[in-house]
Amino acid sequence: MKKIKRALSLVLVFCMLCTMTVTGFAADTTSGGQTDFMKVVHLDAGRKYFSVDSIEKIIDNASADGYNYLELGVGNDGLRFLLDDMSVTANDTTYASDEVKSGIQQGNKNYDNENRYRTNTDELTQSEMDKIISYAKSKGISIIPLINSPGHMDAILSAANSLTDTNCSYNGSKRTIDVTNKTAVAFTQALIQKYVNYFAGKGCKYFNMGADEYANDVSNGFAALINSGKYANFGKYVNDVAK
């Protein structure tokens, strides 16, 4: 019995580590070049939906343990946070808010192959995010939003494909846009800009764009870009998002 309990404990610990990572790094501040240590909890809230209550409990624990940042990965494969206004203008075309919202929700549904996804329930709303940011601030925690691109963006890619009526995928990938495709790049960057504006307006100082594992669900992601002489397109995409 003791062995069984120990095995179950190890499984639970592993499951927690799969969605929550702790890290720390030093960052220069504006106060005389001194260094503050950033103690960060990372929560992957893109692949899996976390309610406001769940996130607030994580904030409570992080604060109690001396952490000062929560990196909230709302966009990682899935996109689990929807703004009130989801309209996107790209390539001289405006896509209505409800269209983009439905496209993202369908992308989340497609990503959740275990059929647990609940439409209009399993994404955070803007008012809920307002509450999370405010609650975090009251606990001495700053939010670092993360929306991963140009890879790990299944839901966004699904919406881009359906709304633009263009194949925005790289080499059949379900989660990575083709950085050589102007339509795919313009739509994605316009959508991300809306989130950057929102979080900046809420006082968030950092934004993580991910940019890891290009087309890791198909063979020869980065390698194919390099071999075809198109890796510079990836560099340009990342630099443009960084700006």
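In the set (1) open to solvent by less than 70 Å² (accessible area, probe 1.4 Å); (2) assigned to a loop (DSSP other than H, G, I, E, B); (3) under 21 Å from Ala45 (Cα atoms), the condition left unmet by Thr188 is number (2). For the stretch 63-78, the set of residues classified as open to solvent by less than 10 Å² (accessible area, probe 1.4 Å) and of a type outside the set (D, E, K, R) consists of Leu70, Leu72, Gly73, Val74, Gly75, Gly78, listed by residue number.
Could we say that Asp85 is surrounded by fewer than 21 Cβ atoms within 10 Å (Cβ to Cβ), charged (D, E, K, R), modelled with pLDDT of 95 or more and not in a loop (DSSP other than H, G, I, E, B) here? No: the conditions fail for Asp85. Taken over the stretch 192-209, the criterion of being assigned to a helix (DSSP H, G or I) and either open to solvent by less than 70 Å² (accessible area, probe 1.4 Å) or in contact with a Pro (Cβ under 6 Å, 6 or more places away or on another chain) (or both) is satisfied by Ile192, Lys194, Tyr195, Val196, Tyr198, Phe199, Ala200, Gly201.
The residues of the stretch 96-135 that are modelled with pLDDT of 95 or more, part of a loop (DSSP other than H, G, I, E, B) and exposed (fewer than 15 other Cβ atoms within 10 Å of the Cβ), listed by number, are Ala96, Thr125. All of (1) in a loop (DSSP other than H, G, I, E, B); (2) closer than 19 Å to Glu56 by Cβ; (3) among the basic types (Lys, Arg) hold for Lys174 with one exception: (2). As a summary of the residue check, Ala159 satisfies the conditions (1) out of contact with any helix residue (DSSP H, G or I) (no Cβ under 9 Å at 6 or more places or on another chain); (2) assigned to a helix (DSSP H, G or I); (3) over 24 Å from Ile58 (Cβ atoms) except for the one numbered (1). Among residues of the stretch 177-194 that are under 14 Å from Val100 (Cβ atoms) and at pLDDT 95 or above, those with a Cβ under 6 angstrom from a residue that is β-branched (Val, Ile, Thr) and open to solvent by less than 30 Å² (accessible area, probe 1.4 Å), sequence gap 6+ or separate chain, pair up as Phe187/Thr164; Thr188/Ile177; Ala190/Val88; Leu191/Val88; Ile192/Ile147.
The values are calculated or read from the model by the stated rules, or taken from the named source; none is laboratory data. The shown structure was predicted, so the numbers you read here are calculated from the model rather than taken from an experiment. Cβ sites come from the backbone with ideal geometry, for glycine too, and all protein chains shown count toward neighbours. What goes into the accessible areas is simple: the full protein's heavy atoms, side chains included, and nothing from ligands, DNA or RNA. Shrake-Rupley method; radii C 1.70, N 1.55, O 1.52, S 1.80 Å.
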